[in-house]
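Just below is one structure, and these are the notes that go with it.
Nothing in this text is a laboratory measurement; each read-out follows from the coordinates by a stated rule. Note that the structure is predicted; figures quoted are calculated from it, not measured. Here Cβ is always computed from backbone atoms with ideal geometry, including for glycine, and neighbour counts include all displayed protein chains.
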Amino acid sequence: MEKAVRFFHENLANNIEIEAYARELHMSTCWFIRSFKEYSGMPPGRYLTDIRIRKAKELLESTDYSVGEIGGIIGYENPLYFSRIFKKTAGVSPAEYRKAAR
């Protein structure tokens with residue numbers, strides 16, 4: 001599972017399909033999800049969202065990239081979807097987060 005965690009961090013900006021990744025490891029999707037959850041404490045999809053949002057927060061605090069650009073950097077092609085996921089996870093919109101962080 002360490003290999004999966006490393007893969008997720010290294011490929012943050014790419015579209016990662018859990019099912020395809022499990023197949024690459026010659027595992028069933030269910031077994032991979034169960035094993036990953038046991039290893040990390042959360043399912044792989046949630047883990048991926050969590051590390052993407054952490055990276056977004058870092059970029060919002062330290063750069064002047066637009067919200068849309070940051071969404072693209074962390075793997076969300078649609079800025080509106082990125083904003084919705086960010087707000088659901090962080091409790092505030094990306095713009096509000098940036099304003100409060102500065």
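Any idea how far apart Arg102 and Leu25 come out in nm if each label point goes 7 Å out from Cα toward Cβ?
Simple spin-label model gives 4.0 nm for this pair.
Can you divide the C-alpha Rg of segment 8-56 by 2.2 N^0.38 Å and report the result to two decimal places? Show your work: numbers first, answer last.
Working: Rg = 10.7 Å, N = 49, 2.2 N^0.38 = 9.7 Å.
Relative to the 2.2 N^0.38 Å estimate, segment 8-56 comes out at 1.11.
For Cα extents along the principal axes in Å, one of [x] 44, 22, 20; [y] 48, 41, 23; [z] 39, 33, 21 was computed from the structure I shared and the rest are decoys. Which label?
The listed entry that was calculated here is [x].
For segment 30-44, just list the computed ³J(HN,Hα) in residue order, Karplus coefficients 6.51, -1.76 and 1.60, θ = phi - 60°, integers in Hz, with x standing in for Gly and Pro.
With the stated coefficients, segment 30-44 comes to 4, 5, 4, 4, 4, 5, 5, 5, 5, 6, 9, x, 8, x, x Hz.
Only Cα pairs under 8 Å and at least 6 apart count here; give the relative contact order of the chain as a rounded whole percent.
Values: 83 pairs, mean separation 23.6, N = 102.
Value for the chain: 23 percent.
Over all pairs of distinct alpha carbons, what does the Kirkwood formula give as the hydrodynamic radius of segment 46-101, in Å?
Numbers: mean 1/r = 0.0930 Å⁻¹.
That comes to 10.8 Å for segment 46-101.
For the chain, what does -39500 (n - 2.57) per DSSP helix run (n ≥ 4), summed and divided by total residues, give at 222 nm, in deg cm²/dmol to the nearest 500?
Working: 7 runs with 74 residues, N = 102.
The helix-only estimate for the chain comes to -21500 deg cm²/dmol at 222 nm.
For each of His9, His26, count neighbouring Cβ atoms within 10 Å of the residue's Cβ, then give the residues from fewest to most. Mind dumping the intermediate values first?
Values: His9 12, His26 7.
Least crowded to most crowded, the residues run His26, His9.
Under 16 Å from a label point 7 Å along Cα→Cβ of Glu2: give me every residue in segment 30-46 with its amide N that close.
Zone members listed by number: 36, 39-40.
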